[in-house]
Amino acid sequence: MPIRLIVHGGAWDIPAEQEDAHLRGVTAAVQNTWPMLQKGASALDAVEHAVRILEADPTFDSGRGAFLNSIGEIELDAMIMDGRSLDFGSIAAVQNLLHPVSVARRLMESREFRMLVGSGAQAFAEREGFTQLPPEALLTERELAYFEQIKHDSNFRSHDPFGPLPGDTVGAVAMDQGGNLAAATSTGGTPRKWPGRVGDSPIPGAGAYADNSCGAASTTGWGENIMKVLLAKTVTDWEERGQNAQKAAQKGIQILAEKVKGLGGVITIDAQGQYGWAYNTPKMAYAYWNPETKHTHAAIKLDT
């Protein structure tokens with residue numbers, strides 16, 4: 001089977017001065033993960049590795065660089081899913097962790113449970129030996145300044161995050177040499193969100209989904225409406241019905257917009273190894289390995 005890898009760095013109105021950083025970030029995730037797939041790594045290992053790179057990059061709203069909630073804290077959500085078994089791991093509202101996607105992976109493999117939130121997820125991460133960082137280790141000057149700007153703004157709405165914001169959700173989808181698919185998504189959520197708010201990213205079928213028989217997808221955008229249409233599952237359902245990845249992605253975004261007036265984006269790989277991506281926000285940072293050119297292709301607008 002062909003090996004494939006595609007990542008995203010969020011769908012929204014990326015400020016022009018931050019476009020290069022977003023393109024560098026998603027390009028680095030592909031270029032540093034692709035050799036693993038060439039050497040036989042699993043799709044699951046590949047998506048975890050790619051998302052870890054994006055979590056460590058302060059450009060994005062995930063791990064280091066995540067938005068602050070309404071009380072000035074960073075809360076993180078993530079999930080990972082294995083297309084071979086439909087197994088998944090999901091965590092939400094955790095703090096002081098650079099790589100929530102790896103905690104989600106460990107949770108998936110724990111055989112105890114599949115989703116944990118808040119203090120329970122935090123205790124699990126501690127039990128499993130994940131390093132708890134001081135809050136300032138994840139905080140960037142950019143995010144602190146942005147929080148100071150919006151924290152008393154009565155007109156600001158965290159559920160409408162498509163102005164010129166500092167960063168957004170990250171995700172990855174991969175196919176390995178065995179034809180196995182996997183997807184992962186990680187986020188810091190929306191700016192000035194209510195403490196404990198959980199969006200689409202850690203919800204199976206909404207933030208990510210993977211099924212070897214049809215495809216895998218990772219989403220980004222306005223989480224409350226993405227959950228209403230289970231965007232990742234909707235896209236893979238269209239792939240199961242015979243649509244190729246690109247048409248399935250476009251159909252998913254069409255449904256998101258028409259049914260719930262949602263805003264967001266999606267990346268996907270179908271069971272035949274075809275790529276797809278679509279969004280209805282001004283921009284989405286994404287990159288994928290182009291098997292024809294043997295290079296990483298990165299873009300931030302559909303017309304680039």
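What follows is calculated from the coordinates using simple rules that are stated; it is not laboratory data. Values in this document were obtained by computation on a predicted structure and should not be read as measured data. Here the Cβ is made from the backbone with ideal geometry for all residues, glycine too, and neighbour counts use every protein chain on show.
What shape does the range 1-156 take by its C-alpha gyration tensor, where a ≥ b ≥ c are the square roots of the eigenvalues and a/c under 1.5 counts as rounded, a/b above b/c as prolate, and the rest as oblate?
Cα axes put the range 1-156 in the oblate bin.
Give, as a single signed number, the net charge of other residues whose beta carbon lies under 9 Å from the beta carbon of VAL94, with Lys and Arg counted +1 and Asp and Glu -1.
Around VAL94, the charge tally is -2.
Going through the cross-link list LYS233/LYS294; LYS151/LYS251; LYS233/LYS261, which pairs have a Cα-Cα distance over 26 Å in this structure?
Where the Cα-Cα span goes over 26 Å, the pairs concerned are LYS233/LYS294; LYS151/LYS251.
How large is the direction-averaged shadow of the alpha-carbon convex hull of the range 18-76, in nm²?
4.4
Which value, in debye to the nearest 20, gives the size of the charge dipole of the chain about its Cα centre, when Lys and Arg are +1 and Asp and Glu are -1 at the Cβ?
460
Are there GluC sites (Glu not before Pro) in the range 64-157 that DSSP puts in a loop and that have at most 10 other Cβ atoms within 10 Å, and which ones?
Those satisfying the criteria are GLU112.
Anyone know which of MET81, MET227, MET36 comes out most mobile in the 10 Å Cα GNM of the chain?
MET36
Of all the stretches in the chain, which is the longest one without any exposed loop site, taking chymotrypsin sites (Phe, Trp or Tyr not before Pro) in a DSSP loop (any state but H, G, I, E, B) with at most 15 other Cβ atoms within 10 Å?
157-304
Mind checking the range 46-148 for trypsin sites (Lys or Arg not before Pro) that DSSP puts in a loop (not H, G, I, E or B) and that have at most 10 other Cβ atoms within 10 Å?
Sparse-neighbourhood loop trypsin sites (Lys or Arg not before Pro): ARG111.
Two-decimal Rg/Rh of the range 212-304 from alpha-carbon positions, Kirkwood Rh?
Checking Rg against Rh, the ratio lands at 0.97.
Using DSSP to call loops (not H, G, I, E or B), can you name the trypsin sites (Lys or Arg not before Pro) in the range 203-304 whose Cβ has at most 15 other Cβ atoms within 10 angstrom?
For trypsin sites (Lys or Arg not before Pro) across the range 203-304 that sit outside H, G, I, E and B with at most 15 neighbouring Cβ atoms in 10 Å, the list reads ARG241, LYS261, LYS294, LYS301.
Pop out the ³J(HN,Hα) list for the range 217-222 in order, Karplus 6.51 cos²θ - 1.76 cosθ + 1.60 with θ = phi - 60°, rounded to Hz; leave Gly and Pro as x.
After applying 6.51 cos²θ - 1.76 cosθ + 1.60, I find 8, 10, 10, 7, x, 6 Hz.
Between LEU263, LEU231, LEU133, find the one with the highest GNM mean-square fluctuation for the chain; connect C-alpha pairs within less than 10 Å.
For the chain, modelled as a Gaussian network with Cα springs under 10 Å, the answer is LEU133.
Mind checking the alpha-carbon convex hull of the range 4-299 and giving the volume per residue in Å³?
That works out to 112 Å³ per residue.
Measure out, as a whole number of angstrom, how far apart the alpha-carbon centroids of the range 1-72 and the range 164-214 sit.
11
For the range 25-42, what does the Karplus curve 6.51 cos²θ - 1.76 cosθ + 1.60, with θ = phi - 60°, yield as ³J(HN,Hα) per residue in whole Hz, taken in order and with x for Gly and Pro?
My calculation for the range 25-42 gives x, 6, 5, 4, 4, 6, 5, 8, 9, 3, x, 4, 5, 4, 8, x, 4, 6 Hz in order.
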